[in-house]
Amino acid sequence: MTNKQRIAGKLSRIVRLPKSAGLPKMKAMQLYRAQLKKHNKLGAGRLFPSQRIISIGTDNSWFNAQEIPRDPAWIPVSNANYVWFSGNLSSENVVISERFSLSQRRSILSASLFLSVDNYAVVIINGVPLVYDAPQNTPSFYNTGRSFNIRRFLRRGRNDIVIIAFNFGGPRSVSNPAGVAARLDIRLSSLL
């Protein structure tokens, strides 16, 4: 963090987000846009026209995702499975995504994202970075789970979430496990 002089004479702090795995924000956003192009070819995604309580967890239905066995060190995540890149389960990273549509006739009352990742990740929702983890210097590190308030990131209608996860120290293997589990919990109002 650095200090910057304000016009009023008060100091304010500027927070600089770290690069994730040497991945600049511009590259993360390019990956996000490329993933959306792939989604556009597939169609609309999941629709939730009449539900008030919605839970969307990682599983085989997420784009590029394949369920993997949960490592004994990882916490169980309710209504979600650990996943990795369906094209190559041994890859060093994965870009998975989900597209879903919320009712145009309901307000978003609350929304949260629970994320557990071995080792670290970038999460982008509707084009806005939510999580931008820095690489960890130990292969045994994994984030046991964090919750984020994502209400302001969501909108009525179509929404997209892209998770770019990284495995520290090389390809995913038995001796160097990697996985990501995420769950979105959304509560909507009655019909407007």
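The values are calculated or read from the model by the stated rules, or taken from the named source; none is laboratory data. Worth saying up front: this structure is predicted, and the values here are computed from it rather than measured. Here the Cβ is made from the backbone with ideal geometry for all residues, glycine too, and neighbour counts use every protein chain on show. Quick note on the areas: whole protein, heavy atoms, side chains included, nothing else; ligands and nucleic acids left out. Shrake-Rupley method; radii C 1.70, N 1.55, O 1.52, S 1.80 Å.
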With the requirement that a residue be of a type in the set (S, T, N, Q) and either at pLDDT 95 or above or under 27 Å from Leu192 (Cα atoms) (or both), what does the range 117-146 give you?
Asn126
Sole exception among (1) at pLDDT 95 or above; (2) in a loop (DSSP other than H, G, I, E, B); (3) open to solvent by 30 Å² or more (accessible area, probe 1.4 Å) for Ala80, by number:
(3)
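Residues checked against (1) touching a strand residue (DSSP E or B) at 6+ places or on another chain (Cβ under 6 Å); (2) under 24 Å from Tyr32 (Cβ atoms):
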| position | (1), (2) |
| --- | --- |
| Leu154 | yes, yes |
| Asp160 | yes, yes |
| Ile163 | yes, yes |
| Phe166 | yes, yes |
| Gly169 | no, no |
| Asn176 | no, no |
| Ala182 | yes, yes |
| Arg187 | yes, no |
Among the residues of the range 53-77, write down those that are in a loop (DSSP other than H, G, I, E, B), touching a strand residue (DSSP E or B) at 6+ places or on another chain (Cβ under 8 Å) and farther than 18 Å from Val174 by Cα.
Thr58, Asp59, Asn60, Ser61, Trp62, Asn64, Val77
Look at the range 116-126 and say how many of its residues are open to solvent by 10 Å² or more (accessible area, probe 1.4 Å) and either closer than 16 Å to Leu184 by Cα or not in a strand (DSSP E or B) (or both).
1
Given Leu109, Leu113, Leu191, which one is among the hydrophobic types (A, V, I, L, M, F, W, C), assigned to a strand (DSSP E or B) and over 14 Å from the mean Cα position of the chain (by Cα)?
Leu109
Please find, among Gly57, Gly45, the residue that is open to solvent by less than 60 Å² (accessible area, probe 1.4 Å), in contact with a Ser or Thr (Cβ under 9 Å, 6 or more places away or on another chain), on the phi > 0 side of the Ramachandran plot and at pLDDT 70 or above.
Gly45
Flagged in the range 66-76 as open to solvent by less than 60 Å² (accessible area, probe 1.4 Å) and at pLDDT below 95, in numbering order, are Asp71, Trp74, Ile75
What pairs come up if the first residue lies in the range 70-83 and is in contact (Cβ under 8 Å) with a residue 40 or more places away in the chain, the second is in a loop (DSSP other than H, G, I, E, B) and among the polar types (S, T, N, Q), and their beta carbons are under 7 Å apart, counting only those six or more places apart or on different chains?
Ala80/Thr58; Asn81/Thr58; Val83/Thr58
